[in-house]
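Read the structure below first, then the notes.
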Amino acid sequence: MSATMSATATIAVCVMLTLLVFVIDGWSILRARRAVLEVLRQDPLQDPLQDPLDPDVR
Amino acid sequence: MQPQFILRLSSPPVFFRVTGKALPWLIGASLLLGAIGLWSGLFVTPTDAQQGEVYRVLYVHVPTAWMSMLLYVVASFYAGLHLVFRTSVSAVMMRAMLPTGAWMTVLALVTGSLWGKPTWGTYWIWDARLTFELLLLFIYLGLIAVASLIDDERKTDQLLSVFTLVGLVNIPLIYFSVVFWNTLHQGASLSMSGGSKMAPIMKATLLVCVLAMWLACAALAMARARWQLVERERDSAWTGSVLA
């Protein structure tokens, strides 16, 4: 393999790795966002003292 | 920027709203600048007289290496703020910098070693700069572990702030390692004193790549901080508007 081809392959790997890292990091944020939204949807009552179904609150 | 506006940003709902508006702009600008930087780095800038084509790795390696250090400095800034003001926003911003900073450190080490093989003849050497950069990765991983292992977020924030500030001592060691010691790693690619010997087009391209990387990292950290903040403040009334 010529030096130019080898250099091109090295540069391509570096660029791809960088893009991959941004995709992985961005995806982990989207996953965290989805989890947080899920919790908010399942528990829409913000104040537990106002929850009539909570057995600890009489 | 008005000091009052900065103070208002420490309010979680204001932070959530302002960063929500800023994020699309940050992402758009980083994509645009990244595309310009890559195009210029790969197709416009001339071949280096000594290193040949492989020097183009620099357009990825230098921005990631700078970001690995800069994100740590920013995390330390928020750690200091948190120790003084104890706000949720400063805590989540400190925490949000860590994973992206760790990724940037991994990229700096990997792209550096891929460049090192054809240039130095080896992927790795226990050179001062490389060793301190590897130490930075371990510091990032240690802080991420501390942040995720302890359940009580408020207590962890204090501990994490102190540990982050202690680790800050490593940053000048990385940056000045090429000055303090005789190292295989070359000196600074760009310097504030204007001592750089790079061709203007190479320098301009590198600066564009650095700016694109900074905007992308800022966007990632900000996006992570927003959802960490919502999770932490889920019992507050303002989080109800998040679902709207």
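Any read-out appearing in this document is the output of simple, stated calculations on the displayed coordinates, not a laboratory observation. Just so we're clear, the structure is a prediction, and the values are computed from it rather than from any experiment. Don't worry about glycine lacking a Cβ; one is built from the backbone with ideal geometry, like all the others, and counts go over all protein chains shown.
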- [ ] Compute the relative contact order of chain B as a whole-number percentage, counting only Cα pairs closer than 8 Å that sit 6 or more residues apart in sequence.
- [x] 33 percent
Task: Residue-count net charge about A:V36 - beta-carbon cut-off 9 Å; Lys, Arg +1, Asp, Glu -1 - done: +1
TODO: Kindly identify chain B as rounded, prolate or oblate by the Cα gyration tensor criterion: order the square roots of the eigenvalues as a ≥ b ≥ c, call it rounded if a/c is under 1.5, otherwise compare a/b with b/c, prolate if a/b is larger, else oblate.
DONE: prolate
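First measure r as the distance between the Cβ atoms of B:N182 and B:S236, then evaluate 1/(1 + (r/R0)^6) with R0 = 51 Å and state the FRET efficiency to the nearest 0.05. It would help to have the intermediate numbers written out before the result.
On the way: r = 55 Å, r/R0 = 1.08.
FRET efficiency, B:N182 to B:S236: 0.40.
When the helices in chain B are scored as -39500 (n - 2.57) per DSSP H run of 4 or longer and the sum is shared across all residues, what 222 nm value do you end up with, to the nearest 500 deg cm²/dmol? Please report the intermediate quantities before stating the final value.
Values: 8 runs with 176 residues, N = 244.
Theoretical 222 nm ellipticity from helices: -25000 deg cm²/dmol.
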Task: Spacing of the two label points (7 Å from each Cα toward its C-beta) at A:S2 and B:S10, in nm - done: 6.1 nm
Task: Angle in degrees between helix B:153-167 and the longest Cα principal axis of chain B, rounded to the nearest 10 - done: 30 degrees
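Ranked highest first by the average count of other Cβ atoms within 10 Å around their residues, in what order do A:14-25, B:199-210 fall? Could you put the intermediate results ahead of the total?
Values: A:14-25: 16.5, B:199-210: 18.1.
Taking the mean over residues of other Cβ atoms within 10 Å, the ranking is B:199-210, A:14-25.
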TODO: Place a label point 7 angstrom from the Cα of B:I144 along the Cα-to-Cβ direction, then list the residues of region B:106-138 whose backbone nitrogen is under 15 Å away.
DONE: B:106-110, B:134-138
- [ ] Summarise the partner chain shielding of B:220-227 as one whole number: the mean count of Cβ atoms from other chains within 10 Å of each residue's Cβ.
- [x] 4
